[in-house]
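Take a look at the structure set out below.
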Amino acid sequence: MPAPTHWKGKELPRIISGMFEIENGHTLEVARKHGAYATIGPMLFDKSQFEMIELVKDSGLRGRGGAGFPTGMKWSFVPRGGKPVYLVVNADEGEPGTFKDRLCMTRDPHLLIEGCICTGYALGVRTAYIYVRGEMLPQIRKLNAALKEAYDAGLLGENIQGSGYSLDIYIHRGAGAYICGEETGLINSLEGYKGQPRLKPPFPAVSGAFASPTVVNNVETIMAVPPIVKNGAKWYRQWGTDKSPGSKLFTISGDIGRPGVYEVPLGIPYTEFFELAGGLQGDLLGCIPGGSSAPVLTAEETAKATMDYESLASLKSMLGSGAVTPFNTTRDPALILESIARFYAHESCGQCTPCREGTGYVDRILRKLVAGEGRDGDIDVIKDLADRYEWTTICAFAPGAAWPVQSFVTKFRAHFQKHIDRNPAHTAGRDLVAARPGAFW
Ligand SMILES: Cc1cc2nc3c(=O)[nH]c(=O)nc-3n(C[C@H](O)[C@H](O)[C@H](O)COP(=O)(O)O)c2cc1C
Ligand code: SF4
């Protein structure tokens, strides 16, 4: 079913997704008919690198990979005049519930390439990499075909369109590890090492790939750059809020009428977004607002939340990668968390003891708990474990693994207790303790 074009009488922005429903929009011929590569000429090359960075800063564009870091500011950290600068596009997309970047690469690979040229020019990049999750073969094929078309048309390679600017883009296939989406794990993997994150500082912008300044940006972030170059910062700011300008791709799955990928202006209420996506199925119990790492919201919190970085921060959650998962009252939050915890235990790269051991413990305790073998105290133990690995590790994987645990057991404690209460061995022991206090100890 085609995505809605209007909402509440207003046209929805199509900054990123304009080509998603155009037949053969992934080909250069069709993409060019719809304005692809219009920036690759005076629009871009008449600007200085400094002007490009200022433009992106003024637009307020924030990184769409999860952390929401201001893109122009990140670019301004890159030291000039020394080692070569690399651009790495993060197309690993491993966060459970997130499936937007893969659609971008299949439906509009030329906008991504155009974004790489604009960004590469702004940063003085000669070589860029697109790091794609290994399983995404259809995307890799589409990207390779699009790259060939762009090279053949003189849009990549030496002296692009006679501008004096040259750029080569290489596709690098990952091997399907969530941790290779973390920017320094990705850089290690790109260099041929084990995909394990590095200690920061130094940050990649100063010393990243091949010990050179490296900007890592998400697919969607890079795709937002050409429309900003074409139309200006003020145009981009007509959508969204002051601190979260523009539009964003959101993926929605769970108890919703029409799961899928939607581009909406930042700042709209979650409740409106649910209507846009075909309506909630059943009565809302809670919602994961931005990917599996984002702290879960209760139904009451979701009713207050708007889809922007500030609103989610005020509710102690986050917009993350934009993966929205509402669940209704027929669902069991303990089962949802058990599945999330299994994922994090499996994906920990194992370098840091608190993360490696802590996520494993939480996983094992939760598996027993949902199997009806839980014990009093389990809920506090897993919360305590998560508190301990939240900020004691090399990378942000561990806090991302801790937040769902902390939020689920705090906000839906009764659902976890129910599993403990159905453990016959344990409840029998409880009676004994009550009858003869001290007998067990
Ligand atoms: C465990 C982990 C996994 C991540 N996975 C991704 C990913 O798949 N794609 C992505 O763009 N960013 C991912 N990130 C965020 C990146 O480290 C980085 O912040 C991002 O690519 C920067 O791009 P942006 O500024 O355009 O958002 C991940 C972070 C962590 C901690
Ligand atoms: S926090 Fe976890 S995933 Fe990140 S480096 Fe440490 S062990 Fe690896």
Fill in the blank from the handout: Toy charge model, Lys and Arg Cβ at +1, Asp and Glu Cβ at -1: the chain dipole around Cα centroid in debye, rounded to 20, equals 320
Completion exercise
Expected unfolding gain across residue 258-residue 152 under the 0.36 nm per residue rule, minus the alpha-carbon gap, is 34.2 nm
Exercise for the section: Treat each spin label as a single point 7 Å out from the Cα along the C-beta direction, and report the residue 371 to residue 166 distance in nm. Expected result: 6.1
Exercise for the section: For residue 8 and residue 211, compute 0.36 nm times the residue count separating them, minus their Cα-Cα distance, and round to one decimal in nm. Expected result: 68.1 nm
Exercise for the section: Report the charge-dipole magnitude of region 6-236 in Debye, nearest 20, computed about the Cα centre from +1 at each Lys and Arg Cβ and -1 at each Asp and Glu Cβ. Expected result: 380
Practice task
Consider just the alpha-carbon atoms of region 198-295 and return their Rg together with their Dmax, both in angstrom.
Solution key: 17.6, 52
Practice task
Extending each Cα 7 Å along its Cβ direction at residue 410 and residue 22, get the distance between those two points in nm, one decimal.
Solution key: 4.6
Handout entry: Subset of 10/304; 243/304; 47/194 violating a 29 Å alpha-carbon distance limit
Key = 47/194
Fill in the blank from the handout: Between residue 391 and residue 364, Cβ-based FRET efficiency (R0 25 Å, step 0.05) works out to 0.65
Problem - Over the chain, relative contact order from alpha-carbon pairs under 8 Å, at least 6 apart, % - result: 15
Completion exercise
Over all pairs of different Cα atoms in the chain, the reciprocal of the mean inverse distance gives a Kirkwood radius in Å of 23.0
Problem - At R0 = 51 Å, FRET efficiency that the Cβ-Cβ distance of residue 316 and residue 83 yields, to 0.05 - result: 0.80
Fill in the blank from the handout: Of the residues 82, 180, 337, the Cα lying farthest along the dipole of the chain towards its positive end, which is defined by charges on the beta carbon of Lys, Arg, Asp and Glu, belongs to 82
Handout entry: Fully extended contour minus Cα-Cα distance, from residue 230 to residue 38, at 0.36 nm per residue
Key = 68.4 nm
Problem - Descending Cα extents along the principal axes, region 109-219, whole Å - result: 41, 32, 19
Exercise for the section: Select from 63, 282, 358 the residue whose mean-square fluctuation is largest in a Gaussian network model of the chain (Cα-Cα springs shorter than 10 Å). Expected result: 282
Problem - Inverse of mean 1/r across different Cα pairs in region 247-328, Kirkwood, Å - result: 12.0
Handout entry: Residues in region 168-192 reached by a label modelled at residue 135 [backbone nitrogen below 12 Å; 7 Å Cα→Cβ]
Key = 175-178
Handout entry: Eligible lysines near residue 148 by straight Cα distance, threshold 20 Å, same-chain separation 8 or greater
Key = 33
Handout entry: Nearest-ten-degree value, helix 378-389 long axis tilted from longest Cα axis of the chain
Key = 40
Exercise for the section: Just order 408-418, 217-227 by mean Cβ neighbour count inside 10 Å, highest at the front, would you? Expected result: 217-227, 408-418
Practice task
Can you tell me the dipole magnitude for region 247-328 around its Cα centre, using point charges on the Cβ only (Lys, Arg +1; Asp, Glu -1), in Debye to the nearest 20?
Solution key: 180
Completion exercise
Taking the dipole of region 247-328 about the Cα centre (Lys, Arg +1; Asp, Glu -1; charges at Cβ), the one of 274, 322, 285 that reaches farthest to the positive side is 322
Completion exercise
Per the 1/(1 + (r/R0)^6) rule, R0 = 30 Å and r from the Cβ atoms of residue 58 and residue 193, FRET efficiency to 0.05 is 0.20
Exercise for the section: Return the inverse of the average 1/r over all pairs of distinct C-alpha atoms in region 6-236, which is the Kirkwood hydrodynamic radius, in Å to one decimal. Expected result: 17.7
Completion exercise
Mean shadow area (nm²) of the C-alpha convex hull around region 333-425 is 5.1
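Here, each number is a calculation from the coordinates, and none is a lab measurement. The model shown is predicted, which means the values in this text are computed figures rather than measured ones. Here Cβ is always computed from backbone atoms with ideal geometry, including for glycine, and neighbour counts include all displayed protein chains.
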